[in-house]
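Reviewing the structure listed below.
The values are calculated or read from the model by the stated rules, or taken from the named source; none is laboratory data. This is a predicted model, so every value here is computed, not measured. Here Cβ is always computed from backbone atoms with ideal geometry, including for glycine, and neighbour counts include all displayed protein chains. For accessibility, only protein heavy atoms count, side chains too; no ligands or nucleic acids. Shrake-Rupley method; radii C 1.70, N 1.55, O 1.52, S 1.80 Å.
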Number of protein chains: 2
Amino acid sequence: MTAALWVALILGLSSVHHGAFAYEFQTKTIDVPIDHFTFTNEGTFKLRYLINDTYAKSNDPSSPIFFYAGNEGDIELFAQNTGLMWELAPKFQATLLFAEHRFYGHSLPFGNASYDSPKNLGYLTSEQALADFALLLRTLNPVNGTTKSRPVVAFGGSYGGMLAAWFRIKYPHLVVGAIAASAPIRQFQGVTPCGIFNQILSSVFNLAYKPECVANIRRSWVTLQNYSTTADGLRMLNEKFKFCTNVTKASDVTETFFEYLTDVYGNLAMINYPYESNFLAPVPAYPVREFCGRLDQNYTGTELLDRLHSALSIYYNYDGKATCLNINSSYDGSGIGDRGWDFQACTEMVMPMCADGVSDMFPPQPWNMEEYSEKCFKKYGVHPRPQNALLHYGGEFLDRSITNIVFSNGLLDPWSGGGVLRSNNDNIKIVLIPEGAHHIDLRASNPQDPASVKRARAEHATNIRKWLDGYRMLKKAY
Amino acid sequence: MTAALWVALILGLSSVHHGAFAYEFQTKTIDVPIDHFTFTNEGTFKLRYLINDTYAKSNDPSSPIFFYAGNEGDIELFAQNTGLMWELAPKFQATLLFAEHRFYGHSLPFGNASYDSPKNLGYLTSEQALADFALLLRTLNPVNGTTKSRPVVAFGGSYGGMLAAWFRIKYPHLVVGAIAASAPIRQFQGVTPCGIFNQILSSVFNLAYKPECVANIRRSWVTLQNYSTTADGLRMLNEKFKFCTNVTKASDVTETFFEYLTDVYGNLAMINYPYESNFLAPVPAYPVREFCGRLDQNYTGTELLDRLHSALSIYYNYDGKATCLNINSSYDGSGIGDRGWDFQACTEMVMPMCADGVSDMFPPQPWNMEEYSEKCFKKYGVHPRPQNALLHYGGEFLDRSITNIVFSNGLLDPWSGGGVLRSNNDNIKIVLIPEGAHHIDLRASNPQDPASVKRARAEHATNIRKWLDGYRMLKKAY
């Protein structure tokens, strides 16, 4: 490690810490029903939300509320990584409101027993979460649900972007419009081909530095598998990768480690921002380039292992704090609730993924719904309803009655494949960010932002202004 | 009873029978989840639906589906009383589809135990019913939820009209538009004053024949109460009204009988059609006029009781089959599921009602939410969520993104007070039928129809044509 890198790291850490505590808010809770849609359970729980009223004109009924539709993690993580809302708030004299998604962060309906499945965990669904949000807004926003209320603009990124869009679709009386950033509302069976995600992902790695990067990754699957078949090989892998828990059998490598690697590659592409950041993990600017920089020649055997481990440290140990590599989760300490998401992926959010090893850099892996379903039943005692999201929210077809939603997508984001990239409905706005990773447009401005990101943020502001003006005119008409 | 009336009755019965068996369909079922919105219960049940394909061009993807959103009763009742759909079907080459509402008719999720409350009955909610409908359509309509599917137009009257409108609001990807007839989507707390229903109702009775009718009704409450306070009085009442179960205490009169009378007056106004009909009960043409015709002078004492009983027979015994007056239900044998509706009224469909005895003909009765809530808890072990419908569906404010809904209301229908009678959203169509009772426009054409009903039906056809044309253009654009 060079001195320059040390300096960069130290500066980086400081800016990362600064980033993590940049924004201040009050933390509150509201009692919401555990079940909004039946009367079989009258229980309630405390849903957490964050609020900042600094910029709102007090008691001005035209001051908007900027509402973040919390996704699969601690709501503070999203509040701290959605700088756009904080930058727009003073311009619009907006109240900032971030609602936590049930079963994540501190919003656990059954406390420590929340993940006892499926009796308790079964209440973790997107429809229930949207109803929580609706109740929160109806409670906080006086003269509820009418033109006399303050206008609400929804924001969200990724699954939060899906929720923001769906919130506008399902509760148009509560929200005037939605900025849905990197929201893959079409990443469902029968709508988006299962291979798209991995194809975009592979292309990002291919273009990041040198083609050797992808060649090494392709080679690594076979190499790792070969080492996994003997006791000596496993010993070598433990030595090279410094796993927190030693791998002791082939499947620890070909299942657990492969899955970890696949997740890390996806995450690196998602957070491939042009500046140092700390969203899913602390990483340097353009982390995919950094990663590929360590796989810049054709390597084989133990050298490939060394190089791959070094490259992985960009993701799992950029802050130098990790003493070992935990392959059980690629979200360690990030605030992302991957356990909850895994359940959602096994119930409603079934997003088919596959690889063919030709148009992507992964071991061939067809999508097998039956196998997936069985696995889910084994884990959680529930069967997926893979058509649920399309059934309840549509998405493949955006009826013209669906209005005031911006779907923004970075084209370097593997999730863009399941996003809304075009629409014949001109009440829906499409914003493409050619140089953008996962919902970069929701992040705070940065000098390194490409022009397309700056343009996207300006478009967001223009659209929000238009929605608020429309609302004001409607108010006068009533 | 005069000979002429006998003849009228005999003819009437025949036409009533003819009406009841006029329309033919296939009866089918589909398995739907008991709970669409959690994964705590993986059970399913058989939802019944009726289908008629006679008029559809087979395999023509532009043939629409006319979908009736079943409400609180046996779906056959609604299929037989929605002649409009049957008359429009050949003109539009439409498939007719009538879906039964869960917990009514034959669609009982837990069979005979369905009304065991609230563990089972708690699944009776409008959101679950709409999700049933969505699943049915997505299953029957090939290439689901896209512009390649056949366009679906929703119809519904009363609560079914609310469901039709809400279906278009919540599932715009599945339904191109909705004819929501007499749908009181604003009959909720804080939106519509609780006295409106009884004021309209009283006005209908006041104008039906002679003002003495309302004067007699007003007087009857005190008279009945007076008789209820003594054993002799109760005996007299039993003799005069021929109750199926004798009244034995004051509350049998001032609670049970008063409630029955209030329901009957409401029902008479609802079905005050200009021709003989059999919807909630077999009744003659203009049944309110017939009723009031028997209260045409100022009566008191036992004469008032005799006259009131005679007037009531218009409703409970027009077909001459009743041997006694059952005051426990005003829906006996009608196919309406009043038990289920009573539960819905105690949970989500809380429609505040009150009377002041001055602007209406009822004993003064303020609306008391707390008392109502306690009563519901006693009956069903659940507390009402009176804001639920407004929370989930809006209604007091129809955002401009809500399109392609016709709200039609007969102004002689007491439910019109909670209907949508005006809107600044010109994507919503308002149809007023000055001479109309409860969703008369959904009924089959009749020579006695007033001009305003004929105009309303023509407007429905025009709007449906427009929606279907819009959908066809969208299809081309995709």
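When a 1.4 Å probe is rolled over the protein heavy atoms, the share of accessible surface on the stretch A:21-135 that falls to carbon and sulfur comes to 48 percent. Sorted shortest first, the separations between the A:ALA285 label point and its copies elsewhere in the assembly read 8.7 nm; each point sits 7 Å from Cα along the Cα-to-Cβ line.
Angle, helix B:369-380 long axis vs. longest principal axis of chain B, Cα atoms, 0 to 90°, nearest 10? With both axes taken from Cα atoms, the answer is about 80 degrees.
Counting every C-alpha pair in the stretch B:183-283, the share spaced more than 23 angstrom apart comes to 41%.
Extending 7 Å from the Cα toward the beta-carbon at both B:PHE110 and B:LYS148 defines two label points whose distance is 4.2 nm. Remark on the stretch A:24-56: accessible area falls by at least 40 square angstrom from chain-alone to full-complex state for A:HIS36, A:PHE37, A:THR38, A:PHE39, A:THR40, A:GLU42, probe 1.4 angstrom.
Counting only lysines at least 8 places from B:LYS475 when in the same chain, those with an alpha carbon closer than 18 Å to its own are B:LYS148, B:LYS466. Chains B and A together bury roughly 4900 Å² of accessible area, counting both sides, with a 1.4 Å probe on protein heavy atoms only.
Relative to the dominant Cα principal axis of chain A, helix A:126-140 is inclined by about 40°.
Extents of the protein assembly as shown, taken as max minus min of Cα coordinates on every principal axis and listed largest first, are 109, 60, 48 Å. Solvent-accessible area per residue in chain A equals 38 Å², computed with a 1.4 angstrom probe and all protein chains kept.
The Cα-based radius of gyration of the stretch A:252-404, divided by its Kirkwood radius, gives an Rg/Rh of 1.02. The chymotrypsin sites (Phe, Trp or Tyr not before Pro) of the stretch A:206-276 include none that DSSP puts in a loop with a beta carbon having at most 10 other beta carbons within 10 Å. Sorting A:376-385, B:198-207 by average packing, meaning the other beta carbons within 10 Å per residue, from highest down gives B:198-207, A:376-385. The orientation-averaged projection of the convex hull spanning the C-alpha atoms of the stretch A:372-452 amounts to 7.7 square nanometres. For the stretch B:264-362, the set of GluC sites (Glu not before Pro) satisfying both a DSSP loop assignment and a count of at most 16 other C-beta atoms within 10 Å is empty. Partner shielding of A:451-457 amounts to 0, given as the average count of beta-carbon atoms from other chains within 10 Å of each residue beta-carbon. Ranking B:MET162, A:MET351, A:MET236 by solvent-accessible area of protein heavy atoms (1.4 Å probe, all protein chains present), from largest to smallest, gives A:MET236, A:MET351, B:MET162. Ordered by 1.4 Å accessible area with all protein chains kept, A:THR229, B:THR27 run largest first as A:THR229, B:THR27. The charge dipole of the protein assembly as shown, taken about its Cα centre with unit charges on the Cβ of Lys, Arg, Asp and Glu (plus for the first two, minus for the last two), comes to roughly 1860 debye. Inter-copy label distances at B:GLY333, using a point 7 Å along Cα-to-Cβ, come to 7.7 nm with the shortest given first.
The accessible-area loss of the stretch A:158-174 on complex formation, taken against its chain alone with a 1.4 Å probe, reaches 10 Å² or more at A:ARG168, A:ILE169, A:LYS170, A:TYR171, A:PRO172, A:HIS173.
Counting only DSSP beta bridges whose two residues both lie in the protein assembly as shown, roughly 40 percent are antiparallel. Among the trypsin sites (Lys or Arg not before Pro) found in the stretch B:190-268, those both in a DSSP coil and sparsely packed, with 16 or fewer other Cβ atoms within 10 Å of their Cβ, are B:LYS242, B:LYS249. Using a 7 Å projection from Cα along Cα-to-Cβ, the label point at A:ASN41 is separated from the same position in the remaining copies by 1.1 nm, smallest value first. Computed on chain A, with alpha-carbon pairs under 8 angstrom and 6+ residues apart, the relative contact order is 18 percent.
The lysines whose alpha-carbon is closer than 18 Å to the alpha-carbon of B:LYS454, local same-chain residues fewer than 8 away aside, are B:LYS91, B:LYS429.
Taking the C-alpha atoms only, the angle from helix A:258-270 to the longest principal axis of chain A is near 50 degrees. Treating r as the C-beta distance of A:THR256 and B:ASN41 and R0 as 22 Å, the FRET efficiency rounds to 0.10. Placing one equal scatterer on every Cα of chain B and applying the Debye formula, the log10 ratio I(q)/I(0) at q = 0.09, 0.12 Å⁻¹ is -0.61, -1.09. For B:LYS242, the lysines whose Cα comes closer than 16 Å to its Cα, not counting residues fewer than 8 places off in the same chain, are B:LYS321. Each Lys or Arg adds one and each Asp or Glu subtracts one; over the other residues with Cβ under 12 Å from the Cβ of A:PRO414, this totals -3. If both residues of a DSSP beta bridge must be in chain A, then about 40% of such bridges are antiparallel. Residue of chain B with the Cβ closest to the rotation axis carrying B onto A, and that distance rounded to whole Å: B:PHE37, 2.
Under the definition of Cα pairs under 8 Å and six or more residues apart, what whole-number percent is the relative contact order of the stretch A:365-478?
Reported as a whole number, the value is 18 percent.
Under the criterion of Cα pairs below 8 Å and six or more residues apart, the relative contact order for the stretch A:409-448 equals 52 percent. Protein-only accessible surface at a 1.4 angstrom probe places the residues B:LEU468, A:LEU140 in the order A:LEU140, B:LEU468, largest first.
The mean number of partner chain beta-carbon atoms within 10 angstrom of a residue's beta-carbon across peptide A:386-399 is 6.
Surface composition of the stretch B:427-478: carbon plus sulfur atoms hold 57% of the accessible area, using a 1.4 angstrom probe and ignoring ligands, DNA and RNA.
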